[in-house]
Amino acid sequence: MTLLFFVLIGKLYVVQVVDGAMWYDEAKKRWAAADSITAKRGEITDRNGNVLAMDTIAYNVSVDPQIIHDGDIAEEVIDGLHETLGIPKDELEEQVTAQKKDGTFYRSRELRDGGWLIDKAVADKLAEFRSGLVDKLREEKKTLDTGIYMVETLKRLYPRKALASQLVGYVSLDGENKTGIEAYFDEQLKGVDGYLKYEKDGKRVQLSKGEVDYQEPKNGSNVQLTIDNEIQQYVVEALRDIVAKYSPLSATAIAADPNTMEILAMANMPEFDPNNYSDYEYASFYNHAVGSLYEPGSTFKIATLAAAVEEGVFNPEEIYQSGSIVVPGDPRPIREHNRVGWGKISFLDGLKYSSNVAFVKLGFERLGGDKLRDYFSRFGFGQKTGIELTNELAGTINLQRNRDIASASFGQGQVQVTAIQQVAAVAAVANGGKLMEPHIVKSITDPTTKTTTITEPKLVRQVISEQTSKQVGEYLEQVVSDQDKGTGKNAYIEGYRVAGKTGTAQKVINGKYSDKKFMVSFIGYAPVENPRIVLYIMVDEPNNPLVGGGSAAAPAFREIVLKSLKKMGVAPDYDVQENEDEEGSTKEAKIAVPDVKDAKLANAQAEIQGKGLTVELVGTGGSVLTQIPAAGSLISPAQKVYLITEKKEQLKVPDLTGVSLRDALELTSLIGARLVPEGTGYVHSQQVVEENGERLVKVQLVPPEGSENYGEALHSASNAAAADGASDGQPDDSSDDGGGQADESSSDGETSGEGEGQSDADAADAEDSDDPIGAQGGEN
């Protein structure tokens, strides 16, 4: 007994003294308790502060099988949870009656599938059910604990639902999976959770004199995007209309400020609601704007055109033979999209018709492979843009053979680009030649320090000169404004100068170009003289293979840009000239056109002439039905104001000399005639002819006096006017040499069709080739 006593004392000494510190630490762990304090995830808003993603209060539901068993209320609990949460009864039974291996009931089971992060409205219904169950237990004099618990927490809410869903992305319920901005800026958005550590007794009650350690949570930063909620809505509505009409595989649009490359809108179809992301297939989550590669088709011709103008090898009045062309080393001809061409036409008309041959001559023959490749690279193709989004692809520009170079000049072959690259490149053409890095984030604000980091516009490089940018804009404007030849005529917006280009690219199916499946698109910007928006729309495989970019995408472009410009407060604009003198460049004085619509003719004339403007009457009526330019327009004192006083079927063609192309188009449209312009700038001469019962007004345009090409253009216009006079007013059947054939190949009046109307014989030509480059002989 004495020996045992000494052994016990020895053991006590070891425990209390030798290992005392270790056992004290173990005891503290038993006393210690810790509660995590969830940090609030930062908000995502548009540029105007409209919330796109935010944290909101939610509830997690759990049950105590032991208490439910003791209260004999398992059946009531299962029925109630099924009714309020919608969880199947068999799954609820498994959780509510869950037992350990030894037969005892669990003390806590989380209802993660259906009872996790529930909304407050559902939580209120569950609380009401629980309250009724408590009343029943009270009557039966049982415990008042129902074994149903709700813990308040936070969950992600997307108040705009599907709007900008692929851009903003989503956070899964468990917080593990994220997409879009939610994924890219996860570190900034999520913040740092806080905690409360304290000491408790055996009943889990905090010890009054125990140690307490508190760390306040640091909420996540708020991310403000560059997109505009309203412009985003315009884009989404337009894409939904395209999907309803053409049922494509997908449709994508990007709108941006060309001067800063801030993204104003980015949308994809199909779309999804991130609040219920599990209800959608993967295809709805994909952001094609940055993560898909395409052969761009004719929209890519803008890069070739800009390079050709910069290098001085594009003469808009130069004549070439359209139809087909063969490049050295490859016997297969490259043909026009309408298969036959338009005879001998000018390069400017080639741009309007979207002639493949014209761009092979410019890109392959005149610029050459090395220079063309260099310009494509300088425009940002083949490299990531750096936009703040996940899954961006770089694309490829792989020009090895002569055929590759020729095909790339009009956007097919060994050229694969992303939509965001296209937008950045065309923005450079619009803004004076500056390639800007695109941005989707405007600022990030830390709610703790109240500091804001602003994303500044970033210049990548100067690609072309300001003069080239201006010239290319004027050429592209005619693709839209020329209602006779322009493939982009459906993008024309009354009162605004719009530049743009259609695109219809054949898709490669099983290694060969398909004559049934196309990627159709339109890209452009406005206003030409002071661009505020650049917009790209692409539609992947519309259900009608005869539909081109001018039919499917251009009308949507028109709708979005018109609404956006009005939203921005951009008034309808007209040509503004500048005169240079020895002291520098000064703007010519402008006069605001008064509103005389519906006024008596005498009063209208007096008011306009009182402003120092010249009046041109169109018709013999007694009051003004329409006026051109519109009221409020700022015009040169030398420019006329046209007052239309009769209905169009009674009107004669007025003198259009000195009128801008836009006003000439508007005037001729009002009087029921069709304008056929030649050249660029202002009307120098005109000729009225009748063809097939239609009244045509052929006009020769020249640039503003004093401009670089004024003398040459004036000489050409004078010669053309003299030739028209020699024909004694007869229709000129030889002009454009078959230009009308483009209309015949179009399914909906689109002048180019761009890739439409491929014949069965064309498909047969491709059978001998596994090379998709030119397999149809009619790339576009």
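Tabulated values for the structure
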| read-out | value |
| --- | --- |
| Selected residue [touching a residue at least 24 places away in the same chain (Cβ under 8 Å), surrounded by fewer than 19 Cβ atoms within 10 Å (Cβ to Cβ) and assigned to a helix (DSSP H, G or I)] from ASN315, ASN275 | ASN275 |
| Condition check for LYS89: open to solvent by 90 Å² or more (accessible area, probe 1.4 Å), of a type in the set (Lys, Arg) and in contact with a helix residue (DSSP H, G or I) (Cβ under 8 Å, 6 or more places away or on another chain) | yes |
| Meets criteria (part of a strand (DSSP E or B), open to solvent by 10 Å² or more (accessible area, probe 1.4 Å) and modelled with pLDDT of 95 or more) for VAL508 | no |
| All positions within segment 430-455 that are open to solvent by less than 60 Å² (accessible area, probe 1.4 Å) and among the charged types (D, E, K, R) | GLU437, LYS442, ASP446 |
| Complete set of residues in segment 374-395 that are open to solvent by 50 Å² or more (accessible area, probe 1.4 Å) and modelled with pLDDT of 95 or more | ASP374, SER377, ARG378, GLN383, LYS384, LEU393 |
| Of residues in segment 656-672 being over 36 Å from the mean Cα position of the chain (by Cα) and either at pLDDT 80 or above or closer than 25 Å to VAL528 by Cβ (or both), the one most open to solvent (accessible area, probe 1.4 Å) | THR657 |
| Among residues of segment 109-121, those that are open to solvent by less than 60 Å² (accessible area, probe 1.4 Å) and either of a type in the set (Lys, Arg) or within 37 Å of the chain's Cα centre (by Cα) (or both), counted | 4 |
| Number of positions in segment 681-701 that are surrounded by fewer than 21 Cβ atoms within 10 Å (Cβ to Cβ) and modelled with pLDDT under 80 | 3 |
| Residue check for ALA406: buried (at least 19 other Cβ atoms within 10 Å of the Cβ), more than 23 Å from the chain's Cα centre (by Cα) and under 30 Å from ARG332 (Cβ atoms) | yes |
| Residue that is farthest from ASP70 (Cα to Cα), among those in segment 132-147 that are out of contact with any Gly (no Cβ under 8 Å at 6 or more places or on another chain) and open to solvent by less than 60 Å² (accessible area, probe 1.4 Å) | GLY132 |
| Scope segment 342-362; condition surrounded by 24 or more Cβ atoms within 10 Å (Cβ to Cβ) and over 33 Å from the mean Cα position of the chain (by Cα); matching residues | TRP342, ILE345 |
| Count of residues meeting criterion [closer than 21 Å to GLY524 by Cα, part of a loop (DSSP other than H, G, I, E, B) and either open to solvent by 10 Å² or more (accessible area, probe 1.4 Å) or aromatic (Phe, Trp, Tyr) (or both)] in segment 409-423 | 1 |
| Residue in segment 547-558 that is part of a loop (DSSP other than H, G, I, E, B), in contact (Cβ under 8 Å) with a residue 12 or more places away in the chain and within 18 Å of the chain's Cα centre (by Cα) present | yes |
| Checklist (1) open to solvent by 50 Å² or more (accessible area, probe 1.4 Å); (2) touching a strand residue (DSSP E or B) at 6+ places or on another chain (Cβ under 8 Å); (3) of a type outside the set (A, V, I, L, M, F, W, C) applied to TYR198, failing item | (1) |
| Counted residues, segment 382-401 - those being within 21 Å of the chain's Cα centre (by Cα) and either more than 13 Å from GLN421 (Cα to Cα) or polar (S, T, N, Q) (or both) | 6 |
| Neighbours by Cβ (under 8 Å, 6+ apart or cross-chain): first from segment 288-302, farther than 13 Å from ILE254 by Cβ; second charged (D, E, K, R) and in a loop (DSSP other than H, G, I, E, B) | GLY297/GLU754; SER298/GLU754 |
| Condition check for LEU399: in a loop (DSSP other than H, G, I, E, B), buried (at least 17 other Cβ atoms within 10 Å of the Cβ) and among the aliphatic types (A, V, I, L, M) | yes |
| Unmet criterion (only one of (1) open to solvent by 20 Å² or more (accessible area, probe 1.4 Å); (2) at pLDDT 95 or above) for ALA283 | (2) |
| Failed condition for ASP349, given (1) in a loop (DSSP other than H, G, I, E, B); (2) at pLDDT below 95; (3) farther than 30 Å from ASP186 by Cα | (1) |
| So VAL618, is it of a type in the set (A, V, I, L, M, F, W, C), modelled with pLDDT under 85, open to solvent by less than 30 Å² (accessible area, probe 1.4 Å) and more than 30 Å from TYR234 (Cβ to Cβ) | yes |
| Filter result (assigned to a helix (DSSP H, G or I) and crowded, with 16+ Cβ neighbours inside 10 Å) within segment 44-71 | PRO65, GLN66, ILE67, ILE68, HIS69 |
| Number of the exception - VAL223 against (1) closer than 30 Å to ARG41 by Cβ; (2) in a strand (DSSP E or B); (3) at pLDDT below 95 | (3) |
| Residue in segment 702-711 that is touching a Ser or Thr at 6+ places or on another chain (Cβ under 9 Å), at pLDDT 65 or above and either part of a strand (DSSP E or B) or crowded, with 17+ Cβ neighbours inside 10 Å (or both) present | yes |
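To keep it simple, each residue is scored yes or no on (1) closer than 29 Å to LYS197 by Cβ; (2) touching a residue at least 24 places away in the same chain (Cβ under 8 Å).
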site	(1), (2)
MET1	no, no
VAL15	yes, no
GLU26	yes, no
LYS40	yes, yes
ASP90	no, no
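The values are calculated or read from the model by the stated rules, or taken from the named source; none is laboratory data. Quantities reported herein were computed from a predicted structural model and do not represent experimental measurements. We place every Cβ from the backbone using ideal geometry, glycine too, and count neighbours over all the protein chains shown. Please note that ligands, DNA and RNA were not included when accessible areas were found on the heavy atoms of the full protein model with its side chains. Shrake-Rupley method; radii C 1.70, N 1.55, O 1.52, S 1.80 Å.
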